[in-house]
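Reviewing the structure listed below.
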Amino acid sequence: MAPGESTKTVAEKRETPARLEIQEVESPPIQARQAIGVFDSGSGGMVAATYVTRILRDAKENLSVVFFGDTANLPYGKKTQEEVARLSDAIISRLAPFCPVIGIACNTASASWARFGKVGKGGGWPHVYSVVEVAAELAYARARTLLEPKLKRRRKTIGVLGTELTAQIQSHAEKIVECHRAALSRAYGHELPLVPYAFAGGGIAPQLPAGVIDYARTPHVAVVREDEPGPGGTTRAGVMHWEPPEDLPHGVEVVARDAQKLVAAVDVAHILDAEGRVKAEWRQRLEEYLKQVSNELVRRKATALILGCTHFEYFERDFAKLLPTLAARNGIISPSGALACRLLDAFDEYLDEFPVRPVSSEHRSYFAFSGDRPPEETFKSLGLEQIVLAKHL
């Protein structure tokens, strides 16, 4: 499965096994650099680790998967970016001896580490991959282009739901804007300048010094962020002084919203029944919240929605029910499968660079947590036949 390929809802892909075997080990008995690592602030990232496990199993590849959930430091969404980046650096350092390739499944950690993280950025191994980047690329590719009749300009509108911190810093928006600029630049023939704008005097004005470019005539991509009540806001980016070809939009609009209540519900409450399915009462309690979100996305004419927290994949079916057009057009982005494919491709690159390094004779998936482990129902929801819990990394 390629990163851009369709992935069905996690609930549809995970089949609850008749019997789940759970084992415990002190630490993963893995040879150096013979595993793929995934980490999250809680349990949601186990979905991405499960995708990797399934693909390796189907391909009969003898590689292990190590998942680490930093449950002792929940919730990340309420911490500062610097705090989250330090926690992420520490986890990457713990996984590095086992894993030349590491995926950050937590959207908040991805955004904070991208800004302030230090470990894994030196150009060597391990290579660290962000779920935010994967989701942004996928959303930009899948979002449909619609014509704004009044302005006669084409636009893609993408919604993002995440933690309070994810919505506040709008990390997905930054990546989507970069995707848009890259697409326009390829069509234009060279890289278009990216210029921040702000509201001023009844319009918008560039925020760079006057002599940088001729803002009145030089083609460039203008970016403006509109903060709104509560964490979140809207980021818009559009090309100025150039008409792109008809297969490209003039601009993109990214609507980021704080869904911390939904994050907290999945992290704190036991929302799953004995078979690993979301309880009916939780679906009823969250229905009104999801309806509000869905109504706004419809009003804003969004053609893609990023589920910007791995925990939201438990509710992917509910989003699909409320947003049937987006679901039918593959516009609801659950990036766990795409992140898994990116990690597997990266491990192939590692083996190309170090071809003599032997591969382990067996493959297992190990799950470790800094604090409380999720309830057994959470593991059942993954649809794996065997879970190996590691007490230490």
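The values are calculated or read from the model by the stated rules, or taken from the named source; none is laboratory data. For clarity, every value in this text was computed on a predicted model and none was experimentally measured. Don't worry about glycine lacking a Cβ; one is built from the backbone with ideal geometry, like all the others, and counts go over all protein chains shown. SASA here: full protein model, heavy atoms, side chains in, ligands and nucleic acids out. Shrake-Rupley method; radii C 1.70, N 1.55, O 1.52, S 1.80 Å.
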Taking all protein chains together and a probe of 1.4 Å, list ASP348, ASP273, ASP318, ASP40 from the most accessible to the least accessible. ASP348, ASP273, ASP318, ASP40
Given a 1.4 Å probe, the accessible area of the chain per residue, as a whole number of Å², is 44 Å²
With the dipole of the chain defined by +1 on each Lys or Arg Cβ and -1 on each Asp or Glu Cβ, the option from ALA390, ALA198, LEU74 whose Cα lies farthest towards the positive pole is ALA198
Quick one: which of LYS60/LYS380; LYS79/LYS118; LYS60/LYS175 span more than 25 angstrom between C-alpha atoms? LYS60/LYS175
Run a plain Debye calculation on region 161-238 (Cα atoms as equal point scatterers, no solvent) and give log10 I(q)/I(0) at q = 0.12, 0.14 Å⁻¹, rounded to two decimals, same order as the q list. -0.40, -0.53
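Subtract the Cα-Cα distance of GLN292 and LYS118 from 0.36 nm times their separation in residues, and report this length gain in nm to one decimal. Kindly include the intermediate steps, with their values, before the conclusion.
Working: separation 174, 0.36 × 174 = 62.64 nm, distance 3.85 nm.
Working it through step by step, the gained length comes to 58.8 nm.
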Working from the alpha-carbon coordinates of region 297-342, get Rg over Rh, Rh being the Kirkwood radius. 0.98
Taking N as its residue count, the alpha carbon Rg of region 27-146 over 2.2 N^0.38 Å: 1.09
Using a 1.4 angstrom probe and counting only protein chains, how large is the accessible area of HIS311 in Å², to 10? 0 Å²
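Sequence gap at least 6, Cα distance under 8 Å: using those rules, report the relative contact order of region 187-254 to the nearest whole percent.
On the way: 98 pairs, mean separation 18.3, N = 68.
Reported as a whole number, the value is 27 percent.
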With +1 on each Lys and Arg Cβ and -1 on each Asp and Glu Cβ, and nothing else charged, work out how big the dipole of region 105-226 is about its Cα centre, in Debye to the nearest 20. 400 debye
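On the accessible surface of the chain, probed at 1.4 Å, how many percent belong to carbon and sulfur atoms? Working shown, then result.
Numbers: 8750 of 17430 Å².
That share works out to 50 percent.
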Determine the principal axes of the Cα atoms in the chain, then give the extent along each, sorted from largest to smallest and rounded to whole angstroms. 65, 52, 36
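Take every Cα pair under 8 Å in the chain that's 6+ residues apart, average their separations, divide by the length, and report that relative contact order as a whole percent.
Numbers: 785 pairs, mean separation 115.2, N = 393.
Computed value for the chain: 29 percent relative contact order.
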For region 81-127 the trypsin sites (Lys or Arg not before Pro) that pass both the DSSP coil test and the at-most-15 other-Cβ-within-10 Å test are LYS118, LYS121
Heavy-atom accessible area of SER381, protein chains in place, probe 1.4 angstrom, given in Å² to nearest 10, is 10 Å²
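Top to bottom by accessible area (1.4 Å), largest first, where do PHE312, PHE116 land? Display every interim value, and only then the final one.
Numbers: PHE312 0, PHE116 90 Å².
Largest to smallest exposure gives the sequence PHE116, PHE312.
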Linear extension gain, ARG19 paired with LYS279, 0.36 nm per residue minus alpha-carbon span: 91.6 nm
Measure of exposure for CYS309: accessible area at 1.4 Å probe, Å² rounded to 10, is 10 Å²
log10 of Debye I(q)/I(0), alpha-carbon scatterers only, for region 77-120 at 0.16, 0.23, 0.26, 0.32 Å⁻¹: -0.35, -0.70, -0.87, -1.19
May I ask what percent, to the nearest 5, of DSSP beta bridges between residues of the chain are antiparallel? 35 percent
